[in-house]
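The values are calculated or read from the model by the stated rules, or taken from the named source; none is laboratory data. In this text the structure is predicted, and so the values were computed from the model without any measurement. Every residue, glycine among them, receives a Cβ derived from its backbone with ideal geometry; neighbour counts consider all protein chains shown. The protein model used for the area step is the full one, side chains on, heavy atoms only, and it has no ligands, DNA or RNA in it. Shrake-Rupley method; radii C 1.70, N 1.55, O 1.52, S 1.80 Å.
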Amino acid sequence: MNDVLTGPDPVRDPWRAAMRTALEEAGRAPATGDVPVGAVVLAADGTVIGRGRNEREATGDPTGHAEVLALREAARAVGEWRLSGCTLVVTLEPCTMCAGAIVLSRLDRVVYGAADEKAGAAGSLWDVVRDRRLNHRPEVVSGVLADECSALLTRFFRDR
């Protein structure tokens, strides 16, 4: 957050525009009854090469999480499964399934908005993405537009 007391946040500020794009994706999910989570994958130059939003309800696919769908699209865009040099930006902290996909895709970093105290696997409940026993550990940047990301989820569950 930028304000008079804290000033600019050099860690989180560069990711705000991409998080807004992920929030746009998330905003489309409730139309199909899905939880509003959105994700984008950025190439090293900042270009969006993958997008996804939760589609479990829409498709009946238990792996239809925003992160997995964005990773699949990014892999098609680059022509291989290794996404070295890329960044995943997602509105909610990844679960264990998505954290595993992040590690296996060799992303350089994951940036997320809202923490998930009940199922988060990037620092909240577990820390799969930075587990030293694994052969790849992406950088993690948390809390980017966290209030906006949390508010979207809160509204969705309140309205249900």
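Counting DSSP beta bridges in the chain, what percent are antiparallel, to the nearest 5?
55 percent
Pull up all non-local amide H partners of Gly38: gap of 5 or more, or a different chain, and H-to-H distance under 5 Å with H placed in the peptide plane.
Ala26, Thr91, Leu92
Provide the packing ranking of 74-83, 26-35, 55-64, i.e. peptides ordered by the mean count of other C-beta atoms within 10 Å per residue, highest first.
The peptides rank, most packed first, as 26-35, 74-83, 55-64.
Quick one: compute the contact order of the chain, relative version, from alpha carbon pairs under 8 angstrom and 6+ residues apart, as a percent.
Taking the mean separation of contacting Cα pairs over the length of the chain, I get 19 percent.
Name the helices (complete DSSP H segments) of the chain with a Cα length along the long axis of 15 Å or more and a Kyte-Doolittle mean of at least 0.0, or state none.
66-78
Probe of 1.4 angstrom, ligands and nucleic acids ignored: what's the accessible area per residue over the chain, in square angstrom? Mind showing how you got there, number by number?
On the way: 8240 Å² over 160 residues.
Ligands and nucleic acids excluded, the figure is 52 Å² per residue.
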